[in-house]
Amino acid sequence: MTEKYTANQLDILKEVINIGGGNAATSLSKLLDKKVNMKVPTIQEMSYDVVFEKIMPADTIVKAVQIQTSGDMAGMFLFVLNEFGFNDITTELLRGYEESQEIAESAVCELVNILVNNFVNAIAKFLELDIQTDVPYIMEDMFGSLLTSAYLEEFQYDENLWVFKNEYWIEDNKWESSLYFVPQDEILENIISKIK
Amino acid sequence: MQEEAIKVGIGDYKVANSPHSLITVALGSCVGIALYDPVSKVGGLSHIMLPDSTAFRGEKKVEKFADLAIPSLVEELLKIGASSKLEAKIAGGASMFKLKNTIAKEQIGQRNIAAVKKVLAEMQIPIVGEHTGEDYGRTMWLDLEDLTVRIRTAQRQYLNL
């Protein structure tokens, strides 16, 4: 199971995510008129136990925006924010506007929509892939319930999961936010084969 | 509950006896199965992820699949002093996401619930409490002292089964 990808293939995937994530960061930066930084993306195989130990405890209540993709990169994007990050971002987005939970949620939804679409478009252009994105949905639930269900709904049944994760900062504030991509089975192999 | 509950991980199960309690967090599409003998108060809590192991080849983790985990848990309970008159309370099996091109009954949560019910029916174990389906996560405790199952939903609502 640990031999699913070679070091070289992982480098390629990392580069692809870097391109997508970088484009997304640029679009955010323009939208917010602030400097947005992105950490070097994580591509790692972990067991669920390790994910909940190292990334976030399973019972942490988070806000998550789900966007399904289809075509050459079928799967699900999941943008995860803890409550602190959610408040941070909505304050940033709604400066000067009256704040309600509903408006805050829809602003974050739209932000993630822009982020993911920029991510996907950059990859699609780079690799000449055909990728469609669906409408975003925002929800609030336990990190563990969302993450396990996302992998299981996309037919990822292994003991370990491949975590594709990007983290963003606005200026000096690290948002407590991460973007996960849960690929459908075989999709990554297809993407890797296109690069060779 | 005075003492720390024994933690059951995702895709795992554990057994214990009164006055201990067991907990499993963050059930989404997964199903939690509390199984106990009401007389001896010996019981176990299982957190299954998938309905059916027969669709998979190669090495399988027993605790992950409804069809393997439940019989294996029952066997372990009998070994540590449970009678064969067991009862079950189940929770979870949510459909967490709005998925395009997937009809509701094909979602993994619904398939997990159906599989758990089928296995319990085959083993003639009655389900005496249930809180399943919907679209939110749940945390589940089994208190072996008073045999209640406590559910906390992601919206921080509590209920007892």
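The values are calculated or read from the model by the stated rules, or taken from the named source; none is laboratory data. Model, not experiment: these values are computed from the prediction. Here the Cβ is made from the backbone with ideal geometry for all residues, glycine too, and neighbour counts use every protein chain on show. For accessibility, only protein heavy atoms count, side chains too; no ligands or nucleic acids. Shrake-Rupley method; radii C 1.70, N 1.55, O 1.52, S 1.80 Å.
Distance from the Cα centroid of region A:85-115 to that of region B:48-62 is 41 Å (rounded to whole angstrom).
The accessible-area loss of region A:144-174 on complex formation, taken against its chain alone with a 1.4 Å probe, reaches 20 Å² or more at A:145, A:146, A:148, A:149, A:152, A:153, A:157, A:159.
Viscosity 1.002 mPa s, temperature 20 °C: give me the Stokes-Einstein translational D for region A:43-196 in µm²/s, with Rh taken as the Kirkwood radius over C-alpha pairs. Result for D is 132 µm²/s. Computed with a 1.4 Å probe over protein heavy atoms only, the accessible area of residue A:111 comes to about 10 Å². Site pair residue B:160 and residue A:91 shows an inter-label distance of 4.1 nm when each label is modelled 7 Å from Cα along Cα→Cβ. In chain A, helical runs assigned H by DSSP with n ≥ 4 each contribute -39500 (n - 2.57); averaged across all residues and rounded to the nearest 500, the mean residue ellipticity at 222 nm is -15000 deg cm²/dmol. In this entry, chain B is assigned a mean projected area of 9.4 nm², taken as a quarter of its C-alpha convex hull surface. Is there a pair in A:165/B:117; A:4/B:64; A:54/B:61; A:125/B:100 whose C-alpha atoms are over 28 Å apart, and which pairs would that be? Result: A:165/B:117 exceed 28 Å.
Both chains summed, the buried accessible area for A and B stands near 2300 Å², from protein heavy atoms and a 1.4 Å probe.
Surface calculation, 1.4 Å probe, protein heavy atoms: residue B:37 sits at approximately 0 Å² accessible. Peptides B:13-25, A:37-49 ordered by packing proxy, namely the average of other Cβ atoms within 10 Å per residue, highest first: B:13-25, A:37-49. Multiplying the residue separation of residue A:11 and residue A:33 by 0.36 nm and subtracting their alpha-carbon distance yields 4.8 nm. Sorted largest first by accessible area at a 1.4 angstrom probe radius, with every protein chain in place, the residues B:123, A:73 fall in the order B:123, A:73. Residues of region B:1-46 that bury at least 20 Å² of accessible area once all protein chains are present, compared with their chain alone (1.4 Å probe, heavy atoms only, ligands and nucleic acids left out), are B:10, B:25, B:26, B:29. Solvent exposure of residue A:80, expressed as accessible area, is near 10 Å², computed with a probe of 1.4 Å over the protein chains only.
Roll a 1.4 angstrom probe over the protein heavy atoms and tell me the percent of accessible area of the protein assembly as shown that is carbon or sulfur. Ligands and nucleic acids excluded, carbon and sulfur reach 47 percent. Per-residue shielding of B:91-100, expressed as the average number of other chain Cβ atoms within 10 Å of the residue Cβ, stands at 5. Residues B:67, A:130, ordered by accessible area of protein heavy atoms at a 1.4 angstrom probe radius and largest first, appear as A:130, B:67. Using a simple spin-label model with pseudo-atoms 7 Å out from Cα toward Cβ, residue A:129 and residue B:4 lie 4.2 nm apart. Partner shielding of A:134-143 amounts to 5, given as the average count of beta-carbon atoms from other chains within 10 Å of each residue beta-carbon. Counted by Cβ distance under 15 Å from residue A:163, the other residues give a net charge of -2, where Lys and Arg count +1 and Asp and Glu count -1.
Solvent exposure of the protein assembly as shown amounts to 45 Å² per residue of accessible area, where only protein heavy atoms count and the probe is 1.4 Å. Find the centroid of the Cα atoms in region B:84-161 and in region A:26-58, then give the distance between the two in whole Å. About 31 Å separates the Cα centre of region B:84-161 from the one of region A:26-58. Estimated from helices alone, the mean residue ellipticity of chain B at 222 nm is -6000 deg cm²/dmol (sum of -39500 (n - 2.57) over DSSP H runs with n ≥ 4, per residue).
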